[in-house]
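Remarks on the structure that follows.
Each reported figure results from applying straightforward, stated rules to the coordinates on display, with no laboratory input. Only a predicted model underlies this, so the values are computations on that prediction, with no experimental measurement involved. Quick reminder, even Gly has a Cβ in these numbers, built from the backbone with ideal geometry, and neighbours come from all protein chains shown.
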Amino acid sequence: MKASEIRSKWLSFFESKRHHIEPSASLVPHNDPSLLWINAGMAPLKPYFDGRVIPDNPRITNSQKCIRTNDIENVGKTRRHHTFFEMLGNFSIGDYFKEEVITWAWEFLTSKEWIGFDPDRLSVTVYPEDEEAYKYWNEKIGLPAERIYKLDENFWDIGEGPCGPCTEIFYDRGDKYGDLNDPECWPGGENERFLEVWNLVFSQFNHNKDGSYTPLPNKNIDTGAGLERFASILQDVDSNFDTDLFIPIIERTCEIAGVKYHVNDEHDVALKVIADHIRTVAFAVGDGVMPSNEGRGYIIRRLLRRAVRYGKTIGIDRPFLYELTSVVGEIMGVYYPEVVDKREFIERVIRTEEERFHETLSEGLVMLSDLVAAARKAGTTEIGGEDAFRLYDTYGFPFDLTEDFASENGMTVDREGFDSAMEAQRERARAARQDTGGMNVQGGPLADFTVKSEFVGYNELVTEAQITA
Ligand code: ATP
Ligand code: MG
Ligand code: MG
Ligand code: MG
């Protein structure tokens, strides 16, 4: 099943359950200083969730383009993470609640008319105290107890405001992907044998200032499912990157680089990172974000540079990312005409930025040569950590590039000094983040928020620090 068909099925299914189909909003949040990017299907619908706006129809469905830079480290390493992805969602604003949402999720996933997953491959997680959700899965759906995992982290709570338990649906990809005896293979574990496809959030409490929880008069439903993950299962391929959403981009990159996919692991990571980042950059530029030195623009600049650097590892030494824009358009244009309509503009922006980065790289190399010469003169064989950090911060030189160059010249680089300079910058970012407050992200299938102590990726400064890897 092609990804575009999965998307249409999702929307038609919920339309048949009397949902209004809401087009994808821009990646740039509107009137929402708490978010740098739209990172979940619910994010653009917040005014409905907090009651500022009453929707004509309390049932809404969408396929929303999302950016999550906090997943950048995962890109190319896991089978399932992107910085740009599409989140399929269905929402109830004070209308239906747990029973309906669970019943419909099951119908959509298992009915032959819709997705047609083998029901025996599905498991779910619930919040341990959420007996209602457990009961619907177990008694109404008939899911056996051993396929309902109780996890403490299945509670969506970010401090004051609406919050509640969630239930997540996992698809078992089979023995090829991990051993069932290994708990890391179970839902919630590190292994991807059980692939998380869908999160259903029950927004039913208010987290009060004094730390207590009281039931909300209007309970909402907020769900999110990854289109790319559905595609990987339905197309029976190894990872999201092997679906029709990515393969044409990877193939074009292979042509440009003169390499083959699935031959060399390192090349594959590079191909996946490039395919991921070009989607993010093309869509963000299409939504009006220009590469720059701050905020969203800086993230786009960093992502583009990162893709260029990965391009170098597969032998591409010239601007090439802009050429992938049209491929992104061919794949995504059916639902997101903006990438096709604005193609020339997007290409121009990306190309200019790539050219500029190539120049920057050459300038960085000049600075590096100077540093090597200066070190020699001073009778040392070590490049200082502060200097390495400056190279990285100003010219986007990652540590290992500096290290490679140094070692070619018989030198080493002070790693500790580099790390502490980096840490100092992170500290500054953290302090600035506390100043900005504004972390009041409401709703959204963001279950792991309660697990992590930092809401990384939802704040521009921290995101900048993170994105540099
Ligand atoms: P994971 O545990 O796999 O990182 P998550 O729990 O962080 O996912 P949610 O916040 O629950 O994800 O988002 C809802 C759904 O969106 C997920 O079940 C998944 O299908 C999809 N999704 C989340 N993050 C990504 C991503 N970075 N790339 C692709 N799909 C994603
Ligand atoms: Mg989740
Ligand atoms: Mg998860
Ligand atoms: Mg995640």
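For a 21 Å ceiling on Cα separation, which of these pairs sit above it: LYS9/LYS135; LYS98/LYS135; LYS260/LYS312; LYS9/LYS112; LYS65/LYS342; LYS135/LYS209? Mind dumping the intermediate values first?
Details: LYS9/LYS135 28 Å; LYS98/LYS135 10 Å; LYS260/LYS312 15 Å; LYS9/LYS112 12 Å; LYS65/LYS342 17 Å; LYS135/LYS209 31 Å.
In this structure, LYS9/LYS135; LYS135/LYS209 exceed 21 Å between Cα atoms.
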Report, in whole Å, the centroid distance computed from the Cα atoms of the stretch 35-111 and the stretch 377-433. 40 Å
Label points 7 Å out from Cα along the Cβ direction at TYR177 and ALA378: separation in nm? 5.2 nm
At a threshold of 8 angstrom on Cα-Cα distance, excluding pairs fewer than six apart, so keeping six or more, what relative contact order does the chain reach in percent? 17 percent
Give a residue-ordered list of calculated ³J(HN,Hα) values for the stretch 228-244 (Karplus: 6.51 cos²θ - 1.76 cosθ + 1.60, θ = phi - 60°; whole Hz; x for Gly, Pro). 4, 6, 4, 4, 5, 6, 6, 8, 6, 10, 5, 8, 4, 6, 9, 8, 5
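From Cα pairs below 8 angstrom and at least 6 apart in sequence, can you work out the relative contact order of the stretch 3-234, rounded to a whole percent? All intermediate terms of the calculation are to be shown ahead of the outcome.
On the way: 447 pairs, mean separation 45.7, N = 232.
The normalised contact order for the stretch 3-234 reaches 20 percent.
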How far is helix 385-395 tilted off the main Cα axis of the chain, in degrees rounded to 10, range 0 to 90? 70 degrees
Amide H partners (placed H, <5 Å) of LEU143, local residues excluded: ASN138
Amide H contacts of TRP198 (H built 1.01 Å from N, under 5 Å, at least 5 apart or other chain): ILE169
On a 0 to 90 degree scale, rounded to 10, what angle separates helix 343-377 from the longest Cα axis of the chain? 50 degrees
Simple spin-label estimate for ALA431/THR214, 7 Å along Cα→Cβ, in nm, reads 3.9 nm
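Where does the chain land at 222 nm, in deg cm²/dmol rounded to the nearest 500, when only DSSP H runs of n ≥ 4 count, each adding -39500 (n - 2.57), divided by all residues? Write down the numbers at each step before the final one.
On the way: 15 runs with 197 residues, N = 469.
About -13500 deg cm²/dmol.
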In percent, how large is the relative contact order of the stretch 246-361, given Cα pairs closer than 8 Å and 6 or more residues apart? 28 percent
Mind jotting down the distance between the C-alpha centroids of the stretch 120-158 and the stretch 280-305, whole Å? 39 Å
Against the longest alpha carbon principal axis of the chain, how many degrees, from 0 to 90 and to the nearest 10, is the axis of helix 321-332 turned? 10 degrees
